[in-house]
Amino acid sequence: MSNLVNDNLYETRNNLVKEITSLSYNQFNGRPGMNMWSIAQVCHHLVLVEQATIKAIAWGLKKVDNTQKERKNIHLMLDRTKKFKAPEIVEPDVEPFEVQSIIDLLNDSRKKFFTFLNTIEDKSILTEKSFKHPSLGELPLDQWIEQIYLHEQRHTEQIKEIKLLLDVRN
């Protein structure tokens, strides 16, 4: 994994945590609309996506088919005008969360992600194998790693928007 990807994972996570650290329980769990997630739910979704990504990469590594998959422009994920429906497996709980418990879940999830990646001896295999992404189609495994921080950046922007809708003052 490149230093750039590593740096982006850290930087994006730090930005996310900065956005949520000072929120009250009500700000964190308030929903700006009936069909909108709370900030807590957005964060829980990010934890679930990171956990699902570990599984996807693990399954992709086990696949026998090694045909080179076309690289995708995964930066399109940052375009928030394009909406995606979260697969059921990564839909957040409806129950409220404490800010600190979500930060702990985020930290635990990221630690497991890095621990898993460190078990992959030959990282070059990540560019050779792929696994089907629910929104992006067949995706090389190294791009699964990149989509983690892009997806998190997308949702950090959503959190900023929710804070505006809820009129959260920092």
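For residue 41, indicate whether it is modelled with pLDDT of 95 or more, touching an Asp or Glu at 6+ places or on another chain (Cβ under 9 Å), of a type outside the set (A, V, I, L, M, F, W, C) and not in a loop (DSSP other than H, G, I, E, B).
Taking the combined requirement at face value, the residue satisfies it.
Among (1) under 30 Å from residue 33 (Cβ atoms); (2) in contact with a Leu (Cβ under 6 Å, 6 or more places away or on another chain), which single condition is residue 86 missing?
The single condition residue 86 does not satisfy is (2).
Pick from region 20-37 the residues that are open to solvent by 40 Å² or more (accessible area, probe 1.4 Å) and either part of a helix (DSSP H, G or I) or within 27 Å of residue 146 (Cα to Cα) (or both): which of them is modelled with the lowest pLDDT?
Residue satisfying both the conditions and the ranking: 36.
What helices (runs of 4 or more DSSP H) lie completely within region 53-169 and have 1 or more residues being exposed (fewer than 12 other Cβ atoms within 10 Å of the Cβ)?
Fully inside region 53-169 and qualifying: 99-118, 141-165.
The values are calculated or read from the model by the stated rules, or taken from the named source; none is laboratory data. Please read all numbers here as calculations on a predicted model, not as lab measurements. Counting neighbours? That spans all protein chains shown, and the Cβs are built from the backbone with ideal geometry, glycine included. When the accessible area is computed, the model is the full protein with side chains, heavy atoms only, and any ligands, DNA or RNA have been set aside. Shrake-Rupley method; radii C 1.70, N 1.55, O 1.52, S 1.80 Å.
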